Amino acid sequence: MRTYALAAGALALAAALAIAPTARGAEPAAGPKRPAAKPAQSEQKLEKKLTVVDAKTKKKVTKTVRMDYLLFLPPGRPADAKAAKAAKKRWPMILFLHGAGERGKDLSLVKKHGPPKLVEKKRDFPFIVVSPQCPRGQWWDSDVLTALLDEVLRKCPADADRVYLTGLSMGGFGTWRLAARSPERFAAIVPICGGGEPSQAKRLRDLPTWAFHGGRDRVVRPELSKRMVDAMKAAGAKKVELTIYPDAGHDSWTKTYADPKLYEWLLKHKRVKAGTEKKGARKAPY
């Protein structure tokens, strides 16, 4: 009777929990598998032939450039540039340049800092984010980055008048360099713990710039950012500012990219269009 009562109790408990009794040692039936979450960013490749002027010979040469990059597209955006044109909807875009430690052939390294790290959790981020990876042992090449920018604008629903350039450390230097080469391509720039050539400041004077640096940075001295900002102001720049975090070391980017005010500031700016600029201002190429 005791054995019968225990068995009856077990069956009643199983029924109450809506669990069918299984043979001893058998695994419960597995439920339907959930589909794997779609990555926030897709891995892309640039491969393109470019005609450039060789720095040493000053002659035109044709070379094939290659670059891997991460691409984040906001939810609800048009599928491509053609669809965006039809819908009359384009998205602002951030071009992000990483630091020296993220060079190589592993794109997951690029997700360690900045916007590509941010969008892994914040998938409603209201910008297209393009995050190239610099090959190991190399520095940011403005020719390649310009080709990448052209490629992304051609195939993605990005607003060419709201392209923002930013980078940290080595990417901060790359930001200053690329912006000085083609200031007409960008609506605003955010170089972090980098430096540039003060002699190029006149080319940047009409480009809204917000630079950041750690006051205790021993890797890239904060004087390098201050020197660029001072040179821009001396050249007549009105929309340039520098934020120094007095207690920060080299990492002045984590706090910067986590601040919503940065993205609010970016969205306040559009590049100057041809025909609407003041005398001496930068012109958009298209």
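No value in this document is a laboratory result; all are computed from the given coordinates. Only a predicted model underlies this, so the values are computations on that prediction, with no experimental measurement involved. Neighbour counts run over all protein chains shown; Cβ positions are idealised from the backbone, glycine included.
Classify the range 177-245: rounded, prolate or oblate, from the alpha-carbon gyration tensor (a ≥ b ≥ c, eigenvalue square roots; a/c under 1.5 rounded; otherwise prolate if a/b is larger than b/c)?
Here the range 177-245 falls in the prolate category.
Can you put THR243, THR175 in order of Cβ neighbours within 10 angstrom, beginning with the fewest?
THR243, THR175
Placing unit charges on C-beta atoms (Lys and Arg positive, Asp and Glu negative, everything else neutral), compute the dipole magnitude of the range 38-267 about its Cα centre in debye, rounded to 20.
Computed charge dipole of the range 38-267: roughly 580 debye.
Kirkwood Rh, the range 151-213, all Cα pairs: how many Å? If you can, show how the numbers build up before the last one.
Values: mean 1/r = 0.0841 Å⁻¹.
Result for the range 151-213, one decimal place: 11.9 Å.
Can you classify the range 38-267 as rounded, prolate or oblate using the Cα gyration tensor, where a ≥ b ≥ c are the square roots of its eigenvalues, rounded means a/c under 1.5, and otherwise it's prolate if a/b beats b/c and oblate if not?
Rounded is the answer for the range 38-267, as its axis ratio a/c remains below 1.5.
I need TYR164, TYR257, TYR245 ordered by Cβ neighbour count within 10 Å, fewest first.
TYR245, TYR257, TYR164
What percent does the relative contact order of the range 38-267 come to when contacts are Cα pairs within less than 8 Å and at least six residues apart?
16
As a test, work out the antiparallel percent of DSSP beta bridges whose residues both lie in the range 38-267, rounded to the nearest 5.
Of those bridges, close to 45 percent are antiparallel.
Within a Cβ distance under 10 Å of VAL163, other residues only, what is the Lys/Arg minus Asp/Glu net charge?
Net charge around VAL163: +2.
Across 5 Å bins from 0, what is the distribution of all Cα-Cα pair distances for the range 124-182, in whole percents?
4, 15, 29, 27, 17, 7, 1
Let me spell out the model: positive unit charges on the Cβ of Lys and Arg, negative unit charges on the Cβ of Asp and Glu, origin at the Cα centre of the range 136-286. What dipole size does that give, in debye rounded to 20?
Its charge dipole is roughly 520 debye.
Tally Lys/Arg at +1 and Asp/Glu at -1 over every other residue whose Cβ is under 15 Å from the Cβ of PRO116; what's the total? Don't jump to the answer; show the numbers that get you there.
Working: positive: ARG103, LYS111, LYS112, LYS117, LYS121, LYS122, ARG123; negative: GLU43, ASP68, GLU102, ASP106, GLU120.
With Lys, Arg at +1 and Asp, Glu at -1, the neighbours total +2.
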